[in-house]
Amino acid sequence: MNHSVRRAAWAALVASALLVGGGACGGDDGAPDDNPSPDAGTQPDAGTPPDAGTKLPAEEGRALAVSNGGLIVVGSTEANLATTGVDLLVRRYTAAGEVDTSFGTQGSVVLDFEGPAKGPLSGQREQDDRADTVAVLADGSILVAGFARGGNKTDSRDFAVVKLQPNGQLDTGFNKNGRSRLHFGEENSVNFVGTVRSILPLADGRFYVGGFLTKSDGLDEDFALIRYNADGSLDTTFKSAGSPSGSWIGGAYTDAESVQGMVLQGSSVVLAGGDHFAAVRITSSGSQDMTFGTGGIAKSEDGQAHALVARPNGGLLLAGERQDVKVGGEAHGVLKLVAYTADGKPDVTFGPAGVRELTAPAGVLDVVDVSGLRIQADGKILVFADVYAKPVLFRLLPNGELDTSFGTDGMVRWPETQLAVPLFIRSTTGPKLAILGDRAFVTDANVFSPGYFPSENAYVLLESTGL
């Protein structure tokens, strides 16, 4: 399906049917709650180590950021599984790695979204809410975003955004109750699956969220970009033909396009991610800039990008992996980095066609997931990934070559006692890499409270020193 046909299809499917739950945008989440945990304090005391033999609820850490001299980790928890299903989780750690009990309720905020899907396919209760990304604003307040699921008999998922004060209390000036839910399609329908993967705050208080949107019965993902006002309402001045007001939805570039990162260029925003390291530029009015890349899109064939950052020269850098690369006659997953100029052209100063793929030494092979990317002040590149099913932090020179002065052969690995991670299926979300002083913090899969030894398929907050 070509781009114009795809956009026409979206116009017919979604046509002015963006429904926002809560406060100023439609009212679905109910009255504001003075307690940031809407589960009436039933969540476990995250600041108290469990007794010996106590099994804590499964908690998944999906992204992290620096906050108040410590770290914010967001994801989900099964603390209230029997009553509200999987709930959105925000937790703050001190720089020493202890739970910051001054934040939220003993260090944590647990939120359950309800509705709006109430049709025959939605079941009696939505079951899954999860945060996939976080941004800490200049005033210390925290934007958290991900998805709220529409029902336990469907995979319909709505965009969810939460704003917290620096102390973890809900900011009730945001959409009247501190949270917003964005439903695609007709009210109570279960047609669409989406989630937010990236947040880009603007200087005037507005912000973009980017992720993906797809039909709930299909596998073809499209880029989705939404612009909000500072108060949590949709910015309806952001308009794109074929998409509801406040949004830009575009696809037909590849089978899987999900916004894994965004970069501001003047008043326009570049968003990128998904198959073939795709990137597009959207103007402040909501139209796609067709002068960007080739015909409005930058692409590097093969592989999947999971992170995007701006380069010091004004260009763009994407990180991800390419699977089934033949090295020594065997197929491996390799770390792939793609550099574009500011206008979306291959940056040939970075590598042939702007591409670097690491195939040596042997220890860099079998990359199954890239979920963190940062550029240091000196231009060196940090990449967090799973290699041989274990977490690894790479440092590369500005031209993409391994920095052999870092760790061993340019890599820092964590203890062999870490449990094996699942094989690559789809990207876990980024960023899972935060820099605090001379330390790089990463989180891999699940994050648990102090004092708990991980059980099957569980991971802890990890740390590297001496950047």
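The values are calculated or read from the model by the stated rules, or taken from the named source; none is laboratory data. These figures come from a predicted structure and were not determined experimentally. Positions of Cβ are generated from backbone atoms using ideal geometry, with glycine treated the same way; all protein chains shown enter the neighbour counts. Each accessible area value is taken on the protein alone, full model and side chains, heavy atoms only, with ligands, DNA and RNA left out. Shrake-Rupley method; radii C 1.70, N 1.55, O 1.52, S 1.80 Å.
Condition first: in contact (Cβ under 8 Å) with a residue 12 or more places away in the chain, hydrophobic (A, V, I, L, M, F, W, C) and either within 15 Å of Ser141 (Cβ to Cβ) or assigned to a strand (DSSP E or B) (or both). Now tell me which residues in the range 201-223 satisfy that.
Step one: of the range 201-223, the residues in contact (Cβ under 8 Å) with a residue 12 or more places away in the chain are 201-202, 204-216, 219-223.
If we keep only those that are hydrophobic (A, V, I, L, M, F, W, C) too, we end up with 202, 207, 209, 212-213, 219, 223.
Passing the criteria: Leu202, Phe207, Val209, Phe212, Leu213, Phe223.
In the range 344-371, which residue that is of a type in the set (Gly, Ala, Ser), within 25 Å of Gly293 (Cβ to Cβ) and at pLDDT below 90 is surrounded by the most Cβ atoms within 10 Å (Cβ to Cβ)? Step through it out loud before you land on a result.
In the first step, residues of the range 344-371 are kept if they are of a type in the set (Gly, Ala, Ser); the result is 344, 351, 353-354, 360, 362-363, 371.
This time we only want the ones that are within 25 Å of Gly293 (Cβ to Cβ), so: 344, 351, 353-354, 371.
If we keep only those that are at pLDDT below 90 too, we end up with 351, 371.
Numbers: Gly351: 17, Ser371: 26.
Checking each candidate, the answer is Ser371.
When the range 148-188 is examined, which residues are found to be at pLDDT 85 or above and open to solvent by 10 Å² or more (accessible area, probe 1.4 Å)?
Answer for the range 148-188, where residues must be at pLDDT 85 or above and open to solvent by 10 Å² or more (accessible area, probe 1.4 Å): Lys163, Gln165, Pro166, Asn167, Gln169, Leu170, Asp171, Thr172, Gly173, Lys176, Arg179.
Every residue, every condition in (1) in contact with a strand residue (DSSP E or B) (Cβ under 9 Å, 6 or more places away or on another chain); (2) in contact (Cβ under 8 Å) with a residue 60 or more places away in the chain; (3) open to solvent by 10 Å² or more (accessible area, probe 1.4 Å), yes or no:
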{"position": "Leu225", "(1), (2), (3)": "yes, no, no"}
{"position": "Ser233", "(1), (2), (3)": "yes, yes, yes"}
{"position": "Ser240", "(1), (2), (3)": "yes, no, yes"}
{"position": "Ser247", "(1), (2), (3)": "yes, yes, no"}
{"position": "Val259", "(1), (2), (3)": "yes, yes, no"}
{"position": "Met262", "(1), (2), (3)": "yes, yes, yes"}
{"position": "Gly266", "(1), (2), (3)": "no, no, yes"}
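Restricting the search to the range 385-405, which residues are modelled with pLDDT of 80 or more and in a loop (DSSP other than H, G, I, E, B)?
Passing the criteria: Leu397, Pro398, Asn399, Gly400, Glu401, Asp403, Thr404, Ser405.
Within the range 268-294, which residues are buried (at least 24 other Cβ atoms within 10 Å of the Cβ) and small (Gly, Ala, Ser)?
Hits for the range 268-294 are Ala272, Gly273, Gly274, Ala278, Ala279.
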